[in-house]
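Student: Here you go, one structure.
The values are calculated or read from the model by the stated rules, or taken from the named source; none is laboratory data. Note that the structure is predicted; figures quoted are calculated from it, not measured. Reconstructed Cβ throughout: ideal geometry from the backbone, glycine too, with neighbour counts over all protein chains shown.
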Amino acid sequence: MSRRVRWLLGLYPREWRERYDEEFAALLEQRPPSVMDAVDIALGALDARLHPQLAEGMELRAANVPRTAVLTLLWAYAGFIVAGSGFRKVTEDGPFPGLMRDHAAPGLSFGAVVAGSVVALLAVLAGGVPIVLAALRRALAARRWRILGLFAVPPLALAVSVAYTLFLVRVVHPAAGRLGVHSPSTWRCFSLCREPSCSRG
Amino acid sequence: MGGDLSDLGRFSDPSLFILASLAGDERHGYAMMEDIEVMCGVRLGPGTLYGALARLERRGLIEPLPVEYRRRPYRLTAAGASALRERLASLESFAAAGLRRLEAT
């Protein structure tokens, strides 16, 4: 089995591989996957992860349709939050605040996007927390340590990010701590801190 | 289990092609892909093929046979044949109605 085929098969969940691995690998060896096939396989793996019961001997239930719909909505909301938060951040500085003060239309539009992203965040929390808890319970029941390890990634990433920021502000460039959070000097400090010129002061 | 393929979303058409392919004979995945390409002019991707196969198997419309040289053939069940017949009859009726309207214009 080629490394590429092995990697593509690895995208599928374990239960699915236990059932279909051998015949699927034989198919891919008989017809080496093109780039489009690789994309199709990646989508198939995503589908298998969204519908784990397909490989677990459980019957396909009508409940799968609302489940998929809920997950789609959740992703859509999450995307809107990212877009809304990004929009909010990029318009904090520069000419935009003045423009919003002087003209009603951009100000109202901006407010609508921000309010929408806050509502979306609440919706993601309301819809996502039960899904996360269900996945956590299932991983604990099945003793799937790898999945439990994945749950540790977001808090660890947050902790690393906070520690890195504190290190930058307090050790690498202590002057930034005395400046306003959104001042251009602070952002310049964060963006240049990895460059040799930064360490030279 | 259900014979209705319309609620399979994006796997609805591939499922129909698979059932039609298996109506001729039992086949494994690669043979199905080749057969469908010849019969319908549609090239199914491997991920789509196995997504549809898993759904059809769970619904009892096809059944797996013992593995032969790492390849597992599948065959149509009685429920699968019935679902295929029903779907094809519906398509035939739709096609006939469309053609009648075209001829009337």
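Student: With the structure loaded, tell me whether B:Leu44 is at the interface with chain A (Cβ under 9 Å from one of its Cβ atoms) and modelled with pLDDT of 90 or more or whether it fails that test.
Tutor: Yes; evaluated as a whole, the condition is true for this residue.
Student: Here is a follow-up. Return the residues of region A:24-35 that are facing another protein chain (nearest Cβ under 7 Å) and either more than 20 Å from B:Arg58 (Cα to Cα) or in contact with a His (Cβ under 7 Å, 6 or more places away or on another chain) (or both); say none if nothing qualifies.
Tutor: Just the residues of region A:24-35 that are facing another protein chain (nearest Cβ under 7 Å), to begin with: A:24, A:26-28, A:30-31, A:33.
Passing the criteria: A:Ala26, A:Leu27, A:Leu28, A:Gln30, A:Arg31, A:Pro33.
Student: Just to verify a result, which residue in region A:29-87, among those that are of a type in the set (Ser, Thr, Tyr) and exposed (fewer than 15 other Cβ atoms within 10 Å of the Cβ), is modelled with the lowest pLDDT?
Tutor: Of the residues in region A:29-87, the ones of a type in the set (Ser, Thr, Tyr) are A:34, A:68, A:72, A:77, A:85.
If we keep only those that are exposed (fewer than 15 other Cβ atoms within 10 Å of the Cβ) as well, we get A:34, A:68, A:72.
Working: A:Ser34: 89, A:Thr68: 65, A:Thr72: 73.
For region A:29-87, the residue satisfying everything is A:Thr68.
Student: Residues that are aromatic (Phe, Trp, Tyr) and under 30 Å from A:Glu15 (Cα atoms), at least 1 per element: which helices (runs of 4 or more DSSP H) completely within region A:82-172 meet that?
Tutor: A:145-151
Student: Can you tell which of B:Arg87, B:Arg101 is more than 14 Å from every other protein chain (Cβ to nearest Cβ) and within 11 Å of the chain's Cα centre (by Cα)?
Tutor: B:Arg87
Student: Does B:Tyr69 fit the bill of being over 26 Å from A:Leu50 (Cβ atoms) and within 13 Å of chain A (Cβ to nearest Cβ)?
Tutor: yes
Student: Going through B:Arg75, B:Arg27, B:Arg85, B:Arg59 one at a time, which residue ends up being at pLDDT below 90 and out of contact with any His (no Cβ under 9 Å at 6 or more places or on another chain)? Step through it out loud before you land on a result.
Tutor: Numbers: B:Arg75 fails: at pLDDT below 90; B:Arg27 fails: at pLDDT below 90; B:Arg85 fails: at pLDDT below 90.
Exactly one residue qualifies, and that residue is B:Arg59.
Student: Got a number for residues in region A:98-115 being over 16 Å from A:Gly84 (Cα atoms) and not charged (D, E, K, R)?
Tutor: Here is the first cut: in region A:98-115, the ones over 16 Å from A:Gly84 (Cα atoms) are A:98-105.
Going one step further and asking which of them are not charged (D, E, K, R), we end up with A:98-100, A:103-105.
Total meeting the criteria: 6.
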